[in-house]
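J.: The structure that follows is given in the form of structure tokens.
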Amino acid sequence: MQHVEDTLGATEQDGRADATPGARDLLLQAAVTYAEDRHWEVSPGAWLLEDDGPPRCSCGDLGCPMPGAHPATRDWQRRASSGPG
């Protein structure tokens, strides 16, 4: 069984899978196609920042209860769209 990372050119370094720039484009296109085919509306989301120190949420809240797993903006319902833009 292959994982998506295996089929789209991701490499594993230091025990972590990192997608190459071309693979990121393929993953993005696959995600957009998936959402469009299912008529799902999506909005920008927060992500984990993993540099120095423990992982933290991109929202900037050090006590974030859902790091990297919530909408990035308060007006996410207005910004949700099923289009690639």
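J.: Regarding Arg38, is this residue at pLDDT 90 or above and out of contact with any Pro (no Cβ under 7 Å at 6 or more places or on another chain)?
T.: Details: at pLDDT 90 or above: yes; out of contact with any Pro (no Cβ under 7 Å at 6 or more places or on another chain): yes.
Against the criterion (at pLDDT 90 or above and out of contact with any Pro (no Cβ under 7 Å at 6 or more places or on another chain)), Arg38 qualifies.
J.: Taking the stretch 55-85, which residues are more than 22 Å from Ala30 (Cβ to Cβ), in a loop (DSSP other than H, G, I, E, B) and touching a Leu at 6+ places or on another chain (Cβ under 9 Å)?
T.: Correct list: Pro55, Ser58, Pro67.
J.: Something else now. Within the stretch 42-54, count every residue that is in a loop (DSSP other than H, G, I, E, B) and surrounded by 11 or more Cβ atoms within 10 Å (Cβ to Cβ). Give the steps one after another, and end with the answer.
T.: Pass one, the stretch 42-54, residues in a loop (DSSP other than H, G, I, E, B): 43-44, 46-47, 50-54.
Add one more test, that the residue is surrounded by 11 or more Cβ atoms within 10 Å (Cβ to Cβ), and what stays is 43-44, 46-47, 50.
Number satisfying all stated conditions: 5.
J.: Also, I was wondering about something else. Being in a loop (DSSP other than H, G, I, E, B) and of a type in the set (Asp, Glu) is the filter here; which residues of the stretch 21-41 pass it?
T.: Glu41 - this is the single residue of the stretch 21-41 that is in a loop (DSSP other than H, G, I, E, B) and of a type in the set (Asp, Glu).
The values are calculated or read from the model by the stated rules, or taken from the named source; none is laboratory data. This is a predicted model, so every value here is computed, not measured. Ideal geometry is used to build each Cβ from the backbone, glycine not excepted, and the neighbour counts take in all protein chains shown.
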